[in-house]
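Step one of this worksheet: look at the structure below.
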Amino acid sequence: MRAAITAVGGYVPERVVTNKDLEKLVDTSDEWIQSRTGIKERRIMEDGTATSDICVEAIKQILVKRNITAEEIDLIIVATVTPDLVFPATGNIVSDKTGAINAWSFDIGAACSGFLYALETGSKFIECGKHKKVIVCGADKMSSIINYEDRNTCIIFGDGGGAVLLEPTEDDSVGIMDSILKSDGSGREFLHQKAGGSLKPASHETIDAREHAVFQEGKTVFKFAVTNMADVSREIMDRNNLSGEDIDYLCAHQANLRIIDATAKRMELDDDKVLINIQKYGNTTAGTIPLLFSDFEKRFKKGDNIVLAAFGGGFTWGATYLKWAYNPET
Ligand code: UT7
């Protein structure tokens, strides 16, 4: 028995922040941002809203599409680096807000690879026969941990995310076929949030030093991301005897258009197979892959070979190979 994605949902807030808007905050330009990253604009949530709200909106869409109730959900997993609170888990808050009273829930923190980690975890609960309906969310309100005076990071990130429903399938031709996940914690020095954890709790000093925001050494992270995302994508292709021609779509973490292009090249994919929405949303961390699903779902057909790939803080990275399980709604 395999796990298959049987419905998807996605959400971004209304408020658009363009590159021109950021030109007013830091020394940057629309031209620099577009040519270095591919990003034109990103969405930013209002104060008083949180990551759980992204998940709730996405889950509502799934319940309608599959015509099921929240009570039928067995498990909710939320991948995020911007939980509503340090504890309890955002998953607990999402299950309360959606009325998923029979679900247990927890969070996974694997930064930009979080959705792939959560998808793998959720699919195992289906494969072993324990659960019938698992919701996997990937969502981040990155604006809550961005210093809008730091041009190295504020141009990259945005808010948003989505969710998928996993259900068991007896149909051998569809479902989550394989995944390769990796981590190397020695990469943490290049991408992290300095304060707010048990190592350095919040204090006046940490606030004054802006240590509750993302710190990234972009060039180093870029080098690791290009190599590792391409390598792991090639590894999953080889392990499943897939050529570039066999693959219908690449859904890669949207961190930088140049990283996605390098991965697609290594996979020998034509441009029309590489799904891109970074220009609209920027990097939404755990949210990028479910947001690709919700934007491009109507293109997918039952049996399509899709490769998911991600790289992020940790370092964490990985690739998942799946065969799409349903035809678009007509
Ligand atoms: O999703 C999680 C994983 N994260 C990633 O995968 C991100 C990986 N890294 C990147 O995507 C890229 O490294 C960035 C987009 C962050 C930066 O692009 P880059 O081509 O690596 O630029 P750089 O950091 O090497 O900076 C080049 C120049 C520097 O100036 P000098 O030293 O050459 O005079 C920077 O100070 O560009 C400058 N710069 C900027 N200029 C205008 C850096 N940020 C900006 C900016 N606007 N926003």
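Quick check on D171: is it within 14 Å of the ligand (Cβ to nearest atom) and out of contact with any helix residue (DSSP H, G or I) (no Cβ under 6 Å at 6 or more places or on another chain)? Talk me through it step by step, then tell me what you get.
On the way: within 14 Å of the ligand (Cβ to nearest atom): no; out of contact with any helix residue (DSSP H, G or I) (no Cβ under 6 Å at 6 or more places or on another chain): yes.
No, not satisfied.
Against the conditions (1) within 16 Å of the ligand (Cβ to nearest atom); (2) in the same structural domain as C251 (by TED's automatic domain parsing), where does N152 fall short? Just the number, please.
(2)
Please work out if L257 is in contact with a Gly (Cβ under 7 Å, 6 or more places away or on another chain) and either touching a residue at least 12 places away in the same chain (Cβ under 8 Å) or of a type in the set (K, R) (or both). Walk me through how you get there before you give the answer.
Numbers: in contact with a Gly (Cβ under 7 Å, 6 or more places away or on another chain): yes; either touching a residue at least 12 places away in the same chain (Cβ under 8 Å) or of a type in the set (K, R) (or both): yes.
It is true that L257 is in contact with a Gly (Cβ under 7 Å, 6 or more places away or on another chain) and either touching a residue at least 12 places away in the same chain (Cβ under 8 Å) or of a type in the set (K, R) (or both).
Go through (1) farther than 24 Å from A118 by Cα; (2) of a type outside the set (D, E, K, R); (3) within 16 Å of the ligand (Cβ to nearest atom) one by one and return the number of the condition T82 breaks.
Every listed condition holds for T82 apart from (1).
Return a yes/no flag: does region 1-9 have any residue that is loosely packed, with under 15 Cβ neighbours inside 10 Å and either within 11 Å of the ligand (Cβ to nearest atom) or not acidic (D, E) (or both). Walk me through how you get there before you give the answer.
First pass over region 1-9, keeping only residues loosely packed, with under 15 Cβ neighbours inside 10 Å: 1.
Pick out the ones that are also either within 11 Å of the ligand (Cβ to nearest atom) or not acidic (D, E) (or both) and you get 1.
Checked region 1-9: at least one residue is loosely packed, with under 15 Cβ neighbours inside 10 Å and either within 11 Å of the ligand (Cβ to nearest atom) or not acidic (D, E) (or both).
If A230 satisfies every condition in (1) more than 11 Å from the ligand (Cβ to nearest atom); (2) within 23 Å of I5 (Cα to Cα) but one, which is the exception?
Exception for A230: condition (2).
Got a sec? Which helices (runs of 4 or more DSSP H) wholly within region 197-269 have at least 1 residues that are under 23 Å from the mean Cα position of the chain (by Cα)? Full working, then the answer.
Values: elements: 204-208, 218-239, 257-266.
Result: 218-239, 257-266.
Only one of (1) closer than 30 Å to G10 by Cα; (2) at pLDDT 95 or above; (3) away from the ligand (no atom under 16 Å from the Cβ) fails for G218. Which number is that?
That leaves (3) as the condition not met.
What do you reckon, is R36 at pLDDT 95 or above and touching a Lys or Arg at 6+ places or on another chain (Cβ under 8 Å)?
On the way: at pLDDT 95 or above: yes; touching a Lys or Arg at 6+ places or on another chain (Cβ under 8 Å): yes.
Taking the combined requirement at face value, the residue satisfies it.
When you scan region 47-57, how many residues do you find that are over 16 Å from the mean Cα position of the chain (by Cα) and closer than 27 Å to I276 by Cβ?
Selection size over region 47-57: 1.
Given the criteria over 26 Å from S233 (Cβ atoms) and surrounded by fewer than 18 Cβ atoms within 10 Å (Cβ to Cβ), does K124 qualify?
On the way: over 26 Å from S233 (Cβ atoms): no; surrounded by fewer than 18 Cβ atoms within 10 Å (Cβ to Cβ): yes.
In short, no.
Identify, from the list G138, G162, G114, the residue that is part of a helix (DSSP H, G or I) and buried (at least 18 other Cβ atoms within 10 Å of the Cβ). Working first, answer last.
Numbers: G138 fails: part of a helix (DSSP H, G or I); G162 fails: part of a helix (DSSP H, G or I).
After ruling out the rest, the residue left standing is G114.
Give me the pairs: first residue in region 157-174 and touching a residue at least 12 places away in the same chain (Cβ under 8 Å), second residue among the aromatic types (F, W, Y) and assigned to a strand (DSSP E or B), beta-carbon distance under 8 Å, and six or more apart or on different chains, which are they?
Listed pairs, sorted by first residue: G160/Y11; G161/Y11; G162/Y11.
Name every residue in region 271-330 that is polar (S, T, N, Q) and farther than 16 Å from G162 by Cβ, in order of residue number.
Taking region 271-330 and keeping what is polar (S, T, N, Q), we get 277, 279, 283-285, 288, 294, 305, 316, 320, 327, 330.
Correct list: Q279, N305, T316, N327, T330.
Out of T98, T37, T18, T90, report the one residue that is under 21 Å from L291 (Cα atoms) and touching a residue at least 60 places away in the same chain (Cβ under 8 Å). Outline the logic, then answer.
On the way: T98 fails: touching a residue at least 60 places away in the same chain (Cβ under 8 Å); T18 fails: touching a residue at least 60 places away in the same chain (Cβ under 8 Å); T90 fails: touching a residue at least 60 places away in the same chain (Cβ under 8 Å).
Matching residue, one of T98, T37, T18, T90: T37.
Return the residue satisfying two criteria in turn: it lies in region 10-45 and is within 16 Å of the ligand (Cβ to nearest atom) and hydroxyl-bearing (S, T, Y), and of such residues it is surrounded by the most Cβ atoms within 10 Å (Cβ to Cβ). If you could, list the steps in order and put the result at the bottom.
Of all residues in region 10-45, those within 16 Å of the ligand (Cβ to nearest atom) come to 17-42.
Imposing the further condition that a residue be hydroxyl-bearing (S, T, Y) reduces the set to 18, 28-29, 35, 37.
Numbers: T18: 13, T28: 17, S29: 13, S35: 11, T37: 22.
Per the criteria, the residue is T37.
Kindly indicate which of I276, I247, I260, I289 is among the aliphatic types (A, V, I, L, M) and within 11 Å of the ligand (Cβ to nearest atom).
Values: I276 fails: within 11 Å of the ligand (Cβ to nearest atom); I247 fails: within 11 Å of the ligand (Cβ to nearest atom); I289 fails: within 11 Å of the ligand (Cβ to nearest atom).
Criteria check complete, one pass: I260.
Of everything in region 141-153 that's in a helix (DSSP H, G or I) and under 18 Å from the mean Cα position of the chain (by Cα), which residue is surrounded by the most Cβ atoms within 10 Å (Cβ to Cβ)?
Initially, region 141-153 is screened for residues in a helix (DSSP H, G or I), giving 142-145, 151-153.
Going one step further and asking which of them are under 18 Å from the mean Cα position of the chain (by Cα), we end up with 142-145, 153.
Numbers: M142: 28, S143: 21, S144: 19, I145: 17, T153: 21.
This residue is M142.
The values are calculated or read from the model by the stated rules, or taken from the named source; none is laboratory data. Here the structure is a predicted model, which means the values were calculated and not measured. Cβ atoms come from the backbone with ideal geometry, glycine included; neighbour counts cover every protein chain shown.
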